[in-house]
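Down below is the structure, laid out as structure tokens.
Every number in this text was worked out from the coordinates using simple rules, so none of it is lab data. It should be emphasised that the depicted structure is a prediction, and the values quoted were computed from it without experimental measurement. Here Cβ is always computed from backbone atoms with ideal geometry, including for glycine, and neighbour counts include all displayed protein chains.
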């Protein structure tokens, strides 16, 4: 019997989306999967692993007749986040009839939000954060590490670890304050692994050279398992307005027995609460309150064990594939249809940008960008994915985007 065919449309296959697709496709024996990428992927680990498991990956530019090509699939699955390249491509696919599944790789709790009409018009919307009040289906996008070595406390030589983007869109702008309070408890070694970019949350080295402990910045680490195995605590202090949903790094760390310390942000706090496996704080000084617990080794093995057991039970490639199989079977009972992408997202690049903003109407007010700048909103200042800079650079002929971007730059440089 021929298995139904799924085509995934993704901006690229780096980071969490590439890993999520790897978890899904390598554990699904009931559907066949192909991937169309809109951009070249900078890191090739995910691509290699997908291709090694038999998944075809092509660039959209290589497809000569997109309408005919996409019509041959039973389901088209859009790996959705507020990507300017993705919006451009979708605007060109409005005439295609398909069963449209959107996998939201953003939580939608903060900007970027999930556009209001998308859950109503897509054949199915899938979320990676278990929000019982939200529309759509929940399927985990994160999976624990399979071959990781779960070490005892005394066999770990890294006191605190952070893995992920260092952009202020994700990492808390005061991360160093949290780390300094952690060091004050008597810990002395931390590793922060991630690309060091121009808008990095971490200050210049001269600003943290006097920390009480040692901070190592190895940059992007391809083979991350050994870092997880060596760490005692996962200091996952994120921007309260971050857009993440599945939190792959947190799940991977917990699967290695690393005990998480997170802020009281909905996504990561809900994971730690469900696992009963770590600490939830609100400010740097809260680490001092936790001093006796953090420095008492008796508490750590219990939390570490809970973290491992929780990830094994709730976050795996098998769980991801099983969840999507359930969604796919429901979707196959429905007819193919076109989607009015101009109605859902808008027809112009600046409208695509605003479709992901909870404060879309306010962007038409001259004073709004100034108010965002004063509170350090990443959409104005951060040179990160889905930001104003990202959209403006890709669509330089959009005068509205250009005006917003120039104003944000002048505010940033105090002009």
Nearest-ten-degree value, helix 266-275 long axis tilted from longest Cα axis of the chain: 60
Neighbour-count order for 7, 367, fewest beta carbons within 10 angstrom listed first: 367, 7
Order of 127, 189 under a 10 Å beta carbon neighbour criterion, fewest first: 189, 127
FRET efficiency estimate (nearest 0.05) - Cβ-Cβ, residue 212 to residue 276, R0 22 angstrom: 0.15
Cut-off 20 Å, label 7 Å out along Cα→Cβ of residue 62, residues of the range 1-16 by amide N: 5-15
Cα gyration tensor category, rounded, prolate or oblate, for the chain with a/c compared to 1.5: oblate
Residue with peak Gaussian network fluctuation, the chain [Cα springs, cutoff 10 Å], from 317, 186, 108: 186
Top of 76, 263, 217 by mean-square fluctuation, Gaussian network on the chain, Cα under 10 Å: 217
Simple label model, 7 Å out from Cα along Cβ direction - residue 283 to residue 138, nm: 3.1
Helix axis angle, 15-25 relative to the chain longest principal axis, alpha carbon, degrees: 70
Alpha-carbon centroids, the range 243-277 and the range 298-350: separation in whole Å: 16
Crossing angle, helix 299-314 versus the chain [Cα axis fit, 0-90 degrees, rounded to tens]: 10
Reciprocal of mean inverse Cα separation for the range 153-314 (Kirkwood radius, Å): 15.6
Percent of beta bridges antiparallel (DSSP, the range 153-314, rounded to nearest 5): 5
